[in-house]
Amino acid sequence: MKPVIIIAAVPQELNQLEEALGSSRRLSILGHTIVEGGIGGLPVVTCVGGVGKVNAAAATALMIERYHPRLIINTGCAGAYGGSNLAVGDLVLATGEVLADEGVLVGDGWRDLQYMKLPSVRQEGEVFYNVLPLCGAAAERAVELAGRNGVTLQRGISATVSTCSGTTEYGAELSRRWNAVTENMEGAAVAQVCLRAGVECLEIRGISNLVEERDLNKWDFGRAVAVAQRFVLLYLHQWGG
């Protein structure tokens with residue numbers, strides 16, 4: 001049976017999931033920590049991919065090539081843009097991912113990949129620039145599961161950046177540009193590699209902070225990663241059962 005792959009940037013975003021794997025095997029490949037096991041009758045493999053788009057893309061390509069998965073779940077934390085009606089500890093399903101700062105800065109402002117005539121992906125006659133889809137059967141299953149179990153699962157576009165928004169003003173600019181509700185550093189890279197490989201991708205994140213003037217004292221990383229992992233566990237148990 002093809003496994004489900006779960007990718008996150010740092011170990012804390014996967015520790016609860018790794019504990020649930022039961023009889024498992026831990027290995028390291030190209031610097032990525034990988035744990036093989038099972039949850040809810042499904043073969044499951046976790047991968048600590050590292051921070052940022054380059055690490056995430058490399059880890060995703062490695063996992064697809066090695067395991068030929070049925071699904072990749074990208075999980076972890078995210079920041080919530082102002083006006084999103086999201087709060088710290090909320091759970092979010094990405095309905096699409098955006099390469100939010102891939103483009104060019106010209107005299108009259110920032111322009112995207114379409115302006116540059118540089119697609120990020122060409123796939124079966126379709127051309128994708130900055131915006132990448134995340135709305136397949138796995139996402140529909142997650143929404144149905146959340147409703148059935150009384151879990152509040154917000155939905156919206158997620159912006160992936162190389163330079164995080166450390167001010168309210170810059171966060172508002174990105175949110176307006178892409179109609180995005182959250183911000184992260186890896187999601188679009190995972191989504192892009194999955195799109196190229198024809199592997200379905202599901203992105204579930206917990207909100208660790210609001211995108212405003214940067215103040216780590218207001219963040220709750222532990223709460224964010226815990227809520228995300230609890231839902232992923234629920235998803236796997238009910239799917240496998």
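Please treat every number below as a calculation from the coordinates, not as lab data. From a predicted model like this one, the values you see are computed outputs, not experimental measurements. Every residue, glycine among them, receives a Cβ derived from its backbone with ideal geometry; neighbour counts consider all protein chains shown.
Worth pointing out:
- Any hit, segment 179-199, residues being more than 25 Å from LEU17 (Cβ to Cβ) and without any contact (Cβ under 8 Å) to a residue 12 or more places away in the chain: no
- Selection of segment 43-72 for residues being under 16 Å from TYR235 (Cα atoms) and surrounded by fewer than 19 Cβ atoms within 10 Å (Cβ to Cβ) yields PRO43, ARG70.
- Verdict on THR182 being within 17 Å of the chain's Cα centre (by Cα), buried (at least 16 other Cβ atoms within 10 Å of the Cβ), of a type in the set (Ser, Thr, Tyr) and not in a helix (DSSP H, G or I): yes
- When segment 124-152 is limited to residues that are more than 21 Å from the chain's Cα centre (by Cα) and not small (Gly, Ala, Ser), the one that is surrounded by the fewest Cβ atoms within 10 Å (Cβ to Cβ) turns out to be GLU124.
- One residue alone among LEU21, LEU17, LEU27 is under 19 Å from ARG223 (Cβ atoms) and either of a type in the set (A, V, I, L, M) or part of a strand (DSSP E or B) (or both), and that residue is LEU17.
- From the options VAL92, VAL48, residue that is over 17 Å from TRP178 (Cβ atoms), in contact (Cβ under 8 Å) with a residue 40 or more places away in the chain, out of contact with any Cys (no Cβ under 9 Å at 6 or more places or on another chain) and not charged (D, E, K, R): VAL48
- Check on VAL193, among the β-branched types (Val, Ile, Thr) and either surrounded by fewer than 19 Cβ atoms within 10 Å (Cβ to Cβ) or part of a strand (DSSP E or B) (or both): no
- Considering residues of segment 200-228 that are touching a residue at least 24 places away in the same chain (Cβ under 8 Å) and in a loop (DSSP other than H, G, I, E, B) only, the residue farthest from GLU173 (Cα to Cα): ASP220
- Filtered by the rule that a residue be touching a residue at least 40 places away in the same chain (Cβ under 8 Å), farther than 15 Å from ARG230 by Cα and part of a loop (DSSP other than H, G, I, E, B), segment 30-45 gives a lone residue, GLY41.
- Single residue of ARG223, ARG177 found to be surrounded by fewer than 24 Cβ atoms within 10 Å (Cβ to Cβ), basic (Lys, Arg) and closer than 16 Å to GLU13 by Cα: ARG223
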